[in-house]
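Some notes on the structure that comes next.
Since every read-out is calculated from the coordinates, none of them should be taken as a lab result. Only a predicted model underlies this, so the values are computations on that prediction, with no experimental measurement involved. Quick reminder, even Gly has a Cβ in these numbers, built from the backbone with ideal geometry, and neighbours come from all protein chains shown.
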Amino acid sequence: MNKRQHRGVLTPFRITLIYAIFGSIWIVLSDTLVAEITSNALEITLISIAKGWLYVFVTSLLLYWMIRHFSISRKKAMEAEIAKEAAEAANKAKSDFLANMSHELRTPLNSIIGFSEIMRDGSAGKISERQKEFVDHIYESGSHLLSLINDVLDLSKIEAGRMELNFNRFLVKDLMDSGLSLFKEKALKRNIKITAETEEDFGTIVADLRLLKQVLFNLAGNAVKFTPDGGSIRLKVRRFNSGFLEFSVADTGIGISTEDKGKLFQPFQQLDNSYNRKYPGTGLGLSICKRIVELHGGKIWVESEPGKGSKFIFIVPHVKISQETKGTGENI
């Protein structure tokens, strides 16, 4: 409730104050009126007794209402607190379950990927082209499933409050170059031009290198996925303001409507929810990116129009943030 709304609310204190003022005025006026109507002592006494009983009755009603009001308010507050605690406990149990299950799934999956890679490379002996094709499918499917499990594991860690930032100092240029090199070959196969631009030499940045790479790789990977053959992708870093750097990934892809922008950074939300959708994924990547950027004390957003491509932008502090501002997005 904002201040303007609060001013117009009749709280118990305000009602009591109004009642006391009007009650005092009523007593004074009634005494004056009775004195003008009659001078008989008995009549004046009877009227005073009736007036006193009426005042007591009205006061009792007011006290009853106030006690009932406070009891109901307190009961609602207690119920809300209990519901909140139950929801938090359920959310923690869900996150713990997902974390444990993801770990149990990831261990045997790594073996499947590792052994299929050995077979694919011929280290375990020669295989036919048809067998190699089957092994390639096993390797690619296993790698895709592992990436999905990693997303679920990361999200569960964030929701459970167990994802910690490992701050280290590294070159901004190295971060940009790693994003470029990882997707350059995939982009070239589809005749997509991918470039990295840096407005100036920003030297080093203090942040969690692994997690910032995850954000940049996710955005660049989405750009490659949604950009048609022959398009272009640009990774760029520039100074946002004193103390913050702005990283952006712009593409010439399909673009995003205003209606769909609100779904982008929500977990398990995908713009195409049809069973036979064209672009695969769980809808967790951007949600995880948002949480990672916020853990660094930054913000992430998108600028896009349908058919005109998209530009995903995130800003993070150039230096290590304090524990007080971590994850709040303050001072931006």
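Remarks
- Ordering of 186-192, 78-84 by packing is 186-192, 78-84, highest average first (other Cβ atoms within 10 Å, averaged per residue).
- Take the Cβ atoms of Phe167 and Leu62, set R0 to 56 Å, and the FRET efficiency comes out at 0.40.
- The HN-Hα couplings worked out from phi for the stretch 108-120 by the Karplus form 6.51 cos²θ - 1.76 cosθ + 1.60 (θ = phi - 60°) are x, 5, 4, 5, 4, 5, x, 5, 5, 5, 4, 5, 5 Hz, whole numbers, x standing for Gly and Pro.
- Scattering from the stretch 201-274 was approximated by placing one identical point on each alpha carbon and applying the Debye formula without solvent; log10 I(q)/I(0) at 0.12, 0.20 1/Å stands at -0.45, -1.07.
- Spin-label model, Ser39 to Asp201: label points 7 Å out along the Cα-to-beta-carbon direction sit 10.8 nm apart.
- Database remark: amide H of Ala207 closer than 5 angstrom to the amide H of Asn168, Phe170 (H placed geometrically; neighbours at sequence offset of 5 or more, or on other chains; Pro and chain starts carry no H).
- The packing ranking of peptides 238-249, 130-141, 294-305, highest mean first, is 294-305, 238-249, 130-141, where packing means the average number of other beta carbon atoms within 10 angstrom of each residue.
- For the stretch 285-294, the Karplus equation 6.51 cos²θ - 1.76 cosθ + 1.60, evaluated at θ = phi - 60°, returns couplings of x, 5, 4, 5, 4, 4, 5, 5, 4, 5 Hz by residue, with Gly and Pro reported as x.
- Whole-Hz couplings from phi, Karplus 6.51/-1.76/1.60, listed for the stretch 230-237; x for Gly and Pro: x, x, 9, 9, 10, 9, 9, 10
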